[in-house]
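J.: One structure is given below, represented as structure tokens, and several questions about it will come after.
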Amino acid sequence: MNPTPDAPYTFGNDLAYLGNGQALMWGGDSSFPFQRIDTWIYTYSTNSWSLDPNGTPSAGGSQGLAETSLDGTSEIVLFGGYNQGSSYFDETWLFGGGDFIYGTVGGNLYEDLNNSGGKDVGEPGLQNIDIDITNRHGTVQTVETDANGDYTAHLPWGNATIDVDETDPDFSSSFIQTSGVDPEAVNITVGVNHVSVDKGYFHSSVLISGYVKDGVNIGVEGVDVAFSNGGATVTTNVAGHYATSVSSGWNGTSTATKSGWTFAPTNYTYPAVTTDQTDQDYVGAPAVYSVSISGYVKDGVNIGVEGVDITFSNGGATVTTNATGYYNTSVAIGWNGTSTATKSDWTFTPVSHTYSPVTTNHTDQDYVGIYTKLGVEDYNWSLPMEFTVLPAYPNPFNPSTTIRYGLSADCHVKVEIYDISGKLISTLINTEQTQGWHSIIWNGENSNNVQVPAGIYLSKITSNNEVKTTKLMLLK
């Protein structure tokens, strides 16, 4: 005997396969001795029946198969038998409670766009939503809705519960249920496909979001996006992103504003919205189409260097530092290139500043300059009119620097080196000197001829009770 799957088939008078993947298990009366027991197995994966080679012949009596040997998710087992003188059984029974006797359950989840409480033509299914189905033993089976919002599951007979997983990431937190029951109690009947009531969900609110960026795709922070007709006003973050929620069915416009900027489009117009609206983007352009770049050029002791040319490449200007070493220029938004500081007999750090497309003002674009040819002889063409201290050179230095000063009259002079805490490190000069320009070299050693560590030091020069101090930086 080889029954056909999914079509009712009767063995003799009493043994039957019900079709639809369902089967009844039958036994026999001990008053009828069996010649043998045949065990037939239906496998879902191959949709075929086969005779179990482990079926055991018996001399007589009722025969069965322990439930623990059955795989209720993949196999259905039938018993068949025939006695020596008769082709029927005296009595029948369900084997082992029938946990391998199945029914099916299915249903649909959809988005109730118009909040009608029923599924209308064109309303989409909710896909990729988990459905948790608990059978009569408390075992939970999770299935997922397909592209149409449909789901189906095979279950053992008896009571079961269908529960939509509202924590699923694909299930909107703004959904409210408008049709169906959740969780839903159902009773699974052998061989019956139970169709659950469709479950509809309506967005109580929808999300509207987007970005505001400039012409080179950089987010514009601080843009107010105002929604009319009772909507909120939200402000873009550092990435230019904004988001807000409106009631489902809301209609109106959104407008982006920021002082000194214009935006395209001017606004977005919304009819009655029932689904999330993403990618509601704006492109912003500043009303002022240039930005400033500025900074200082100073020497090693923080004194501004006048007359330094700062040249901007790629169509930029050349500007010159003023008496305090300050410079400033304007470039077009989106300009990119380099700036370089130059002055005869000077070197500068950094060699240049590099700019990617600029959209905001750039301050503190500073340089530190070192004069490469300054010496006392440069000042000998005239006598100093007052006590004067010139910048030490080089500064910063390693291993030595020259301290330079001018005296307006003959006087007693003392030149001392202190550390930053005020501790005396060394006395370089303590003697009478004549009017004119003078210099002394400090080699970075203390009064014991021991090299001092790198750091900031002060040179203190005293002339006729007048004191001047300069900062020195020793490098290692």
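J.: Add +1 for every Lys or Arg and -1 for every Asp or Glu among the other residues with Cβ under 15 Å from the Cβ of T233, and state the total. Intermediate values should be presented prior to the final figure.
T.: Details: positive: K258; negative: D224.
Taking every other residue near T233 into account, the sum is 0.
J.: Which of K423/K471; K343/K468; K414/K476; K423/K468 have a Cα-Cα distance over 25 Å? It would help to have the intermediate numbers written out before the result.
T.: On the way: K423/K471 14 Å; K343/K468 28 Å; K414/K476 27 Å; K423/K468 17 Å.
Check vs 25 Å cut-off fails for K343/K468; K414/K476.
J.: Right, another one. What residues qualify as long-range amide H neighbours of A454, i.e. H under 5 Å apart, gap of 5 or more or another chain, H built at 1.01 Å from N?
T.: Those qualifying (amide H under 5 Å, at least 5 residues apart or on another chain) number zero.
J.: In the stretch 129-199, what is the volume of the convex hull around the alpha carbon atoms, normalised per residue and reported in Å³?
T.: 89
J.: Further question on the same structure: What are the ³J(HN,Hα) values, in whole Hz, obtained from phi via the Karplus relation 6.51 cos²θ - 1.76 cosθ + 1.60 with θ = phi - 60°, for each residue of the stretch 461-468 in sequence order, with x given for Gly and Pro?
T.: 10, 10, 9, 6, 6, 9, 10, 10
J.: Under 22 Å Cα to Cα from K119, which lysines show up? Leave out anything in the same chain fewer than 8 places away.
T.: Within reach: K199.
J.: What FRET efficiency do you get for T262 and D150 if R0 is 51 Å and r is their Cβ-Cβ distance, rounded to the nearest 0.05? If you can, show how the numbers build up before the last one.
T.: Numbers: r = 49 Å, r/R0 = 0.96.
So the FRET efficiency works out to roughly 0.55.
J.: OK, next. Over the stretch 102-203, what is the mean sequence separation of C-alpha contacts under 8 Å (at least six apart), divided by residue count, expressed as relative contact order in percent? Intermediate values should be presented prior to the final figure.
T.: Numbers: 263 pairs, mean separation 39.6, N = 102.
The value is 39 percent.
J.: Just want to confirm a number: the relative contact order over the stretch 205-286, from Cα pairs under 8 angstrom separated by 6+ residues, in percent. Walk me through the intermediate numbers first.
T.: Values: 206 pairs, mean separation 31.7, N = 82.
Computed value for the stretch 205-286: 39 percent relative contact order.
Read-outs throughout are calculated quantities, based only on the coordinates presented, and are distinct from any laboratory measurement. Here the structure is a predicted model, which is why all the values come from computation and not from measurement. Note that we place each Cβ from the backbone using ideal geometry, even for glycine, and neighbour counts take in every protein chain shown.
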